[in-house]
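Reviewing the structure listed below.
The values are calculated or read from the model by the stated rules, or taken from the named source; none is laboratory data. Owing to the predicted nature of the structure, the values given are computational and were not obtained by experimental measurement. All Cβ positions, glycine included, derive from the backbone under ideal geometry; neighbour counts span all protein chains shown.
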C-alpha cells in the first residue's frame, strides 16, 4: 500500500513539473499572482485531503489580492472536499479512505475559511455549513481522554491533537472548552510528535492562535532561530514563515523570512515551491506552495493595514454609532438628538446610497419633525431641533410643495418683527440665522423681504462676530461674540451676501483661531479685563469655520486636515457625533491618504513613473539603486541629479540636511545636531545610520533615503536585498555594524527598526 501511495504522488509530481515547463517564460508576474496561478492551474492534480485543503486555504487567502477572480477555483475545491466526506462526518487520506482526525481537521479548517466568502442563507453557504457541522461532530466524537488519536478510541498523539485544536479553534472553540483545555495540557507534556520538530512547533503555534491561547515568546524566538538554519526543507520553511507572519507585524525578521522564501521559488509565470523539484520525488509541492502562498497573501494584508482612506473608516464607524431607535446622540451613548442625526445622515449620504441605516434614521427624523413642529407653534419661537429635522427632510427631498408652504408660513408666523426672530430677550442673531437657513432651504427667494431685512439687521448690529443680543427697550448691546453663533449667522448669510458684506466678520473669525490651529467657541475668557482661561477647540467648530472661510477665499483646508488627524479614535473623530459627522464630510473631499506610510510609496513603484534622484556625488549609488528597483518591481526608473520636484514620484538619495522633511511629511520629526540625529525623539548616530522616510508633494509621492556619504554600500545592500518590498510604518531606521569586520556589508550587519 505504501508503494502505491508513493507512486501516485510521484506521478502527480511528474504531471505538475511537465505542466509548469509547458507554460514557458511569457512575462514576469507579481509574486502572489504567480503562486496563485500555480495552485489554480494544478488544483485537479491534488489528490490527498491535506493537499486539497491547503490549496483551498491558500486560494481563499489570496482572493481579492490578485488580478483575477478565484471564486470558481474556490468553489470547485470546496465541492471536491465535500464530495470526499465520509458518512461519519470525517475525511480520510484519499477519497474513500477511513476517516481520521488529521485529515478531517485539515478539511474543516479549509472549508471554514471558504465559508466566509459565501452569503449566509445561500445554498452554497448551507452546504458548506452542514459539512462543517458534521466534520466538527466527527472530531468531537473522536476525543479520547486528554486529546485525540488518529482514529476513534485510540491513544492520544501529538499530530492529531494539535490539528484537532486548530480545527476546533477555527470553528469558535476557545481555551475554556474542557476538551481544548485538557488537550493543551497534553501538548505541553508530549515529547514525541509524529512529525518533524519544525512542523510540530509551527502547528502548535497555529493551534494556540486559533483558540486564543497566548503563546510564550520563547516559541516565537524558536521560529526565528529555525528560519535562520540553512538545512530546513522548503516545506518547513514555508510553514514556519507563515506562522511568523501570523504572529508578527512587518519587521526585519518577517521581511528576511519572506525574502528567503521568495528566493526558493521555481517557475517563470506560475511559481511553486518544493522540497525536491525533480521528477519521481515526493516533493510536498502542494504543501510548500500553499504555505508560501498563504505567507505572501497574509503579508499583503498586513502591508495594507491602516492604509484605507480615513473617509471610509469614519463612514463605517459613524454608521455603527446609530442608536437602536434610528437616530444619533450628540454625545456617544445618550438619547438621539436632532442636530447629531442631521449631520450624521448628511455624512452617510456621501458614504452610501440609501443604506438601511439612512432609511432608519429618516424614519426617526420624520417622527421627531411632527413633535418639534408642534413645539414651535406652542412656544412661538424658533426651535433648533425643529430646524434640524426640517433641514434633514429637505436634504433627502422628503417634503412636498404643500408641506414646504406650511413650514414657510409657520416660520414667518413666529417672527418678532420683519426679518427678526428671537426669544424673551428680544431678536437674536442665532434664531434669526436659523430662520434664514430654513427659509432658503425651503425655496424662499433671497429677495424675500424677511430675508433682506434679516440680513440688514444682522450686519447693522456688529462688525466683529455675533453673540447673544440683549434689548432692554431703552438700549441694546451684544454679549461677547461667540464662534458658534457667528458661524450660524455667516452660514445663513453666505448665500445672500458678498465677501465685502461679510469680510469684517470673516477676519474676526480668522482671529479666533487658537494656537493649536483649531477654533473654540470663545478663544479666551476674561473677567473684568483679567484673563481667566482658554477654551479647547472642537472638531465641529473648526471644520465649519474652515468650510465657511474657504467659500470666501480663505483656504485653511490642508492645515486643518493635518490638525484633524490627531483627533481620530476607532474611526470616530472628536468628542461628539457631530464632530465625527462633519469630519467625515470634510474627509470626503480628499482623494489621497493623508498620513503617509512607507508602503504608500512602495506599492506605487510597479504602477507609476518613478525617478531615482540624488544630491551631491551619488550617481554610482543611484545607478545601482535603480538596477535593484528595476529588478525587484519589473520597472524602468530614471536616474537624475536632483533639480526639483515635478509631477512625478521620486526615490531621493540625500544627506540628512538636504531637505526639510516637515514640508513633505509633518508626522515624522527629524532633527540633526552635529553627529546625532533624532527621529521622533529617538537618538541615533549619523555615522552608521540610514533613514527612509515617506513624503508627499501635491502631485506625487517620495521615498527619502537619508544617509552620510560613506554609507553608500549600506544603501546599495538595502535595495539589493529586496527588503524594500516589505517596508511598512512611518519610517525605517537602519543601523550598520561590520560584525565580522570583513569590510563587506551583509544583511546580518544591519539592524532594522520600523517606526510606527
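For region 728-749, the set of residues classified as at pLDDT 90 or above and outside any loop (DSSP other than H, G, I, E, B) consists of 731, 732, 733, 734, 735, 736, 749, listed by residue number.
Does residue 40 fit the bill of being surrounded by 20 or more Cβ atoms within 10 Å (Cβ to Cβ) and either modelled with pLDDT of 95 or more or not assigned by TED's automatic domain parsing to the domain that holds residue 111 (or both)? Judged against the criteria, residue 40 is not a match.
Yes or no, residue by residue, for (1) outside the structural domain of residue 44 (by TED's automatic domain parsing); (2) more than 30 Å from residue 431 (Cα to Cα); (3) assigned to a helix (DSSP H, G or I); (4) at pLDDT below 90:
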| position | (1), (2), (3), (4) |
| --- | --- |
| 274 | no, yes, no, no |
| 277 | no, yes, no, yes |
| 282 | no, yes, no, yes |
| 292 | no, yes, yes, no |
| 296 | no, yes, yes, no |
| 313 | yes, yes, yes, yes |
| 344 | yes, no, yes, no |
| 377 | yes, no, yes, no |
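Residue 627 meets each of the listed conditions (1) modelled with pLDDT under 95; (2) out of contact with any strand residue (DSSP E or B) (no Cβ under 8 Å at 6 or more places or on another chain); (3) not in a loop (DSSP other than H, G, I, E, B) apart from (1). Within region 59-85, the residues that satisfy the criterion of being in contact with a helix residue (DSSP H, G or I) (Cβ under 7 Å, 6 or more places away or on another chain), closer than 17 Å to residue 270 by Cβ and assigned to a loop (DSSP other than H, G, I, E, B) are 65, 66, 67, 70. For residue 613, the conditions (1) free of Cβ contacts under 8 Å to residues at least 60 places away in the same chain; (2) within 30 Å of residue 31 (Cβ to Cβ); (3) in a loop (DSSP other than H, G, I, E, B); (4) in contact with a helix residue (DSSP H, G or I) (Cβ under 8 Å, 6 or more places away or on another chain) are fulfilled apart from (3).
Take the conditions (1) more than 30 Å from residue 725 (Cα to Cα); (2) modelled with pLDDT of 90 or more; residue 9 misses just one of them, which is (2). Do we find that residue 229 is buried (at least 23 other Cβ atoms within 10 Å of the Cβ) and either under 21 Å from residue 289 (Cα atoms) or touching a strand residue (DSSP E or B) at 6+ places or on another chain (Cβ under 6 Å) (or both) in this structure? So residue 229 fails the test. Criterion applied to 294, 318 was being in contact with a strand residue (DSSP E or B) (Cβ under 8 Å, 6 or more places away or on another chain), more than 24 Å from residue 492 (Cα to Cα) and crowded, with 22+ Cβ neighbours inside 10 Å, and the one residue passing it is 318.
Would you confirm whether any residue within region 252-261 is outside any loop (DSSP other than H, G, I, E, B) and farther than 26 Å from residue 751 by Cβ? No, that holds for no residue. Considered as a group, the residues in region 603-615 that are touching a strand residue (DSSP E or B) at 6+ places or on another chain (Cβ under 8 Å) and surrounded by fewer than 19 Cβ atoms within 10 Å (Cβ to Cβ) include one that is farthest from residue 712 (Cα to Cα), and that residue is 608.
Take residue 517 and decide whether it is within 28 Å of residue 445 (Cβ to Cβ) and in a loop (DSSP other than H, G, I, E, B). No: the conditions fail for residue 517. All of (1) in a loop (DSSP other than H, G, I, E, B); (2) under 35 Å from the mean Cα position of the chain (by Cα) hold for residue 481 with one exception: (2). Taken over region 536-573, the criterion of being touching a helix residue (DSSP H, G or I) at 6+ places or on another chain (Cβ under 9 Å), outside any helix (DSSP H, G or I), under 26 Å from residue 479 (Cβ atoms) and free of Cβ contacts under 8 Å to residues at least 40 places away in the same chain is satisfied by 537 alone.
For region 734-748, the tally of residues that are over 32 Å from the mean Cα position of the chain (by Cα) and surrounded by 17 or more Cβ atoms within 10 Å (Cβ to Cβ) stands at 2.
The single condition from (1) in contact with a helix residue (DSSP H, G or I) (Cβ under 9 Å, 6 or more places away or on another chain); (2) over 30 Å from residue 274 (Cα atoms); (3) exposed (fewer than 15 other Cβ atoms within 10 Å of the Cβ) that residue 189 fails is (1). Which count do you get for residues in region 126-181 that are within 34 Å of the chain's Cα centre (by Cα) and not in a helix (DSSP H, G or I)? Residues that pass the stated criteria total 7.
Quick grid of which residues meet (1) surrounded by 15 or more Cβ atoms within 10 Å (Cβ to Cβ); (2) modelled with pLDDT under 95; (3) part of a helix (DSSP H, G or I):
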residue: 387; (1), (2), (3): yes, no, yes
residue: 408; (1), (2), (3): yes, no, yes
residue: 434; (1), (2), (3): yes, no, yes
residue: 437; (1), (2), (3): yes, no, yes
residue: 444; (1), (2), (3): yes, no, no
residue: 455; (1), (2), (3): yes, no, yes
residue: 470; (1), (2), (3): no, yes, no
residue: 486; (1), (2), (3): yes, no, yes
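A count restricted to region 322-342 and to residues that are under 25 Å from residue 484 (Cβ atoms) and either surrounded by fewer than 18 Cβ atoms within 10 Å (Cβ to Cβ) or modelled with pLDDT under 90 (or both) stands at 5.
Would a scan of region 182-195 turn up a residue that is closer than 23 Å to residue 256 by Cβ and in the same structural domain as residue 272 (by TED's automatic domain parsing)? No: zero hits.
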